[in-house]
Amino acid sequence: MADPIETDDVKIFAPDKSLLIKIGVANLDHLLSPQVVASAQSVIEHSADQFLTACLHHLAEIDRLAAALQQTPNDTGKLLPSLVQEAFEMKVKAGMGGYELASALAKSLHLYCEQIGPNMISQRNFEIIAWHATSVRTVLHQRLKGSTGATGAAIMMELDKLQSLWKE
């Protein structure tokens, strides 16, 4: 455990070096050699279709949860956390699959749904959720990876406008 050193009402914590003393300084360069990184990148690239399939599965679940929220607003406390989780998982998988724009949109949906709160859901919330889902669907169906060109730029401009509206 680190022992605090008190100086003029300031506590400075010196890290405990007992673990360093036991194992010594490790050279981990061999773990992340260029060959290991290239191999990992190759596995990810060959798994692109699996990432796309997983993202489409999460998107379908988001659509299902959004529809269920509209039909049974009393279940918001139960359904909204599931929607947040699906958006979070889609964000991660889209990013790993090279779908950076879809990942950014899923992150935006995830953060937006976290801030809604179970007692405050409105028609405007459903419209914003639907916009996110439609935008992600567009990105995935058009397989917009990396630099997404004019379509991606237009989607991001709309997202910026949308985010400024909900933050007012």
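The values are calculated or read from the model by the stated rules, or taken from the named source; none is laboratory data. Everything numeric here is computed off the predicted structure, so don't read it as measured data. Using ideal geometry, Cβ is built from the backbone for each residue, glycine included, and neighbour counts are taken over all protein chains shown.
Here are the numbers for the structure shown:
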item: Some residue of the stretch 97-112 being in contact with a helix residue (DSSP H, G or I) (Cβ under 6 Å, 6 or more places away or on another chain), modelled with pLDDT under 95 and farther than 24 Å from A153 by Cβ; result: no
item: Options F88, F126; residue that is within 24 Å of G152 (Cβ to Cβ), surrounded by fewer than 21 Cβ atoms within 10 Å (Cβ to Cβ) and hydrophobic (A, V, I, L, M, F, W, C); result: F88
item: One residue from K93, K145, K78 being farther than 20 Å from L162 by Cα, touching a residue at least 40 places away in the same chain (Cβ under 8 Å) and part of a helix (DSSP H, G or I); result: K93
item: Given (1) at pLDDT 95 or above; (2) charged (D, E, K, R); (3) farther than 24 Å from Q50 by Cβ, index of the condition R124 fails; result: (1)
item: Exclusive hit being in a helix (DSSP H, G or I), small (G, A, S), in contact with a His (Cβ under 6 Å, 6 or more places away or on another chain) and closer than 24 Å to T148 by Cβ, set A60, A106, A87; result: A87
item: Unique residue being surrounded by 14 or more Cβ atoms within 10 Å (Cβ to Cβ) and under 13 Å from C55 (Cα atoms) when the list is T148, T76, T138; result: T138
item: Residues that are among the β-branched types (V, I, T) and in contact with a Leu (Cβ under 9 Å, 6 or more places away or on another chain), drawn from the stretch 114-135; result: I116, I121, I128, I129
item: Unmet criterion (only one of (1) of a type outside the set (A, V, I, L, M, F, W, C); (2) more than 19 Å from the chain's Cα centre (by Cα); (3) within 17 Å of L59 (Cα to Cα)) for S103; result: (2)
